[in-house]
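Following: one structure in structure tokens, then a few remarks.
The values are calculated or read from the model by the stated rules, or taken from the named source; none is laboratory data. These numbers come from a predicted model, not from an experiment. All Cβ positions, even for glycine, are placed from backbone atoms using ideal geometry, and neighbour counts span all protein chains on display. Ligands, DNA and RNA are excluded from the accessible area calculation, which covers all protein heavy atoms including side chains. Shrake-Rupley method; radii C 1.70, N 1.55, O 1.52, S 1.80 Å.
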Amino acid sequence: MKHFIHEDFLLETDVAKELYHQYAAPQPIIDYHCHLDPAYIANDHQFDNLGELWLESDHYKWRAMRANGINERYCTGKETSDWEKFEKWAETVPYTMRNPLYHWTHLELKTAFDVDELLNPESAKHIFDVCSEKLRKPEFSARGLMKHYNVEVICTTDDPIDSLEHHIALQKEGFEIKVLPTWRPDKAMAVENATEYRKYVEKLSEVSGVEINNFSDLIAALRNRHDFFSSVGCKLSDHGMEEPYAEDYTQSEIDAIFNKVYGGKSLSKEEIVKFKSIMLHEGAIMDWEKGWTQQIHYGVIRNNNTRLFNKVGADTGFDSMGDFTVAKNMRRFLDKLDINDKLTKTIIYNLNPQDNELIATMIGNFQDGSMAGKMQFGSGWWFLDQKTGMEAQLNSLSNLGLLSRFVGMLTDSRSFTSYQRHEYFRRILCNLIGNDVEKGLLPASEMEFIGKMVKDISYNNAKSFFNF
Ligand SMILES: [Zn+2]
């Protein structure tokens, strides 16, 4: 019997198989947005066991375990051992059928560890032992895994006050995989909590060496850090937000808002939105000046379970899709930059799939012929990072824009075995196109061009788009 993950997994037609094996699979990986801890790479972290690798911070798995009736101590518990957590995860895996976790889990077992067995309570101990033994070998270290997956470039996610010491150390050392920072100034915009914000601004002042007494000092300090990020090879910015901010404001309003929050007073809703609007706009101009790409991740509502948030904190699997009215503000944000010819390369990611067509048509308004694919509709993100979500994104982009110019997949992950998601994406992409060719919707006589298109979406487009 064929193993579950075999070489033609997800590839339903001969054309899909040809496209995947000949054009997609050999391409290196450019992971232009992830949340890996650069310290793990700089120190070449060696994982002790599969439980540590898989369950230390994976909120996707924790969510599935909770839904399967597993007690919280086996998810985020500090007293529970890696094996105990893994055992409960193995118990859950058969119940994840049709959830992407079922595919991801077995793809990781196969592609990282060459394990063909299905994970379940019976196989748990054996798989744990085999994989953990491998993980303790040098070729399965953090760097070893990156090399194993043929990774060429990764971009981590970093705060403006970060020292970037690990990125710098890796560059000095000449590590062959490019590990670049990404500018993520969410905290510089987080004026909801005046006390926390003051602390942040004080730290920003310290690391930038710019004394901050007013709003223009704040921008000067950020600009100083933006330059520093650029010197360490940063090519992208990223913003996480509920919805795009594009309110009108005057400079005197902004000065007053900054003085108010910096002075420890709470801001009104209107003031918060005005402040976020100018910060987003000013940051976008800095990105444009440097030729960076800005990324917008929007549409999430976070920490929705108060009881469990109080117990286990943020980013633990209690977030979900929001439903915001975004089109007008997104248009205002982009148009205000474009009208001054300061709109930089942009990727927009939505969390709610109801916005797929909205974004695919919105980016079309700002494709200005200056380069191919200047405005991008980002790959299926977070809850949409699964077969149906990816296909929906690829179809919306195909119907309303140019799929051939798409910069493709990213992992958005904290795990060193998540690179199989690029393979997952490439198989889904090749299958979609292969089906079109088989049905006569695309010409079989153009296989050379279609193969090039697959290669471009898998690798070449990202490589040239970001100037890596
Ligand atoms: Zn992310």
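Can you tell me which residue among 133, 117 is more than 22 Å from residue 459 (Cβ to Cβ), assigned to a loop (DSSP other than H, G, I, E, B), open to solvent by 20 Å² or more (accessible area, probe 1.4 Å) and without any contact (Cβ under 8 Å) to a residue 24 or more places away in the chain?
Going through 133, 117 in turn, just one is more than 22 Å from residue 459 (Cβ to Cβ), assigned to a loop (DSSP other than H, G, I, E, B), open to solvent by 20 Å² or more (accessible area, probe 1.4 Å) and without any contact (Cβ under 8 Å) to a residue 24 or more places away in the chain: 117.
From the list 342, 336, which one is touching a residue at least 40 places away in the same chain (Cβ under 8 Å), open to solvent by 10 Å² or more (accessible area, probe 1.4 Å) and not in a helix (DSSP H, G or I)?
Going through 342, 336 in turn, the sole match is 342.
Residue-wise test of (1) away from the ligand (no atom under 16 Å from the Cβ); (2) buried (at least 21 other Cβ atoms within 10 Å of the Cβ); (3) under 14 Å from the mean Cα position of the chain (by Cα).
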| residue | (1), (2), (3) |
| --- | --- |
| 354 | yes, no, no |
| 365 | yes, no, no |
| 378 | no, yes, yes |
| 433 | yes, yes, no |
| 439 | yes, no, no |
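Being within 16 Å of the ligand (Cβ to nearest atom), of a type in the set (Val, Ile, Thr), open to solvent by less than 40 Å² (accessible area, probe 1.4 Å) and outside any helix (DSSP H, G or I) narrows it down to one residue among 5, 30; which is it?
30
If you take the residues in the stretch 446-467 that are of a type in the set (A, V, I, L, M, F, W, C) and part of a helix (DSSP H, G or I), which one is farthest from residue 20 (Cα to Cα)?
Among residues in the stretch 446-467 that are of a type in the set (A, V, I, L, M, F, W, C) and part of a helix (DSSP H, G or I), the one farthest from residue 20 (Cα to Cα) is 465.
For residues that are within 22 Å of residue 109 (Cβ to Cβ), among the acidic types (Asp, Glu) and away from the ligand (no atom under 16 Å from the Cβ), tally how many sit in the stretch 391-431.
1
Which helices (runs of 4 or more DSSP H) sit wholly inside the stretch 193-266 and have at least 2 residues that are open to solvent by less than 60 Å² (accessible area, probe 1.4 Å), in contact with a strand residue (DSSP E or B) (Cβ under 6 Å, 6 or more places away or on another chain) and closer than 15 Å to residue 163 by Cβ?
none
List the pairs whose first member sits in the stretch 231-253 and is at positive phi, whose second member is open to solvent by less than 30 Å² (accessible area, probe 1.4 Å) and within 16 Å of the ligand (Cβ to nearest atom), and whose Cβ atoms are under 7 Å apart, counting only residues at least 6 apart or on separate chains?
What qualifies is 233/180.
Of 339, 347, which residue is touching a Gly at 6+ places or on another chain (Cβ under 8 Å) and among the aliphatic types (A, V, I, L, M)?
Unique residue meeting the criteria: 347.
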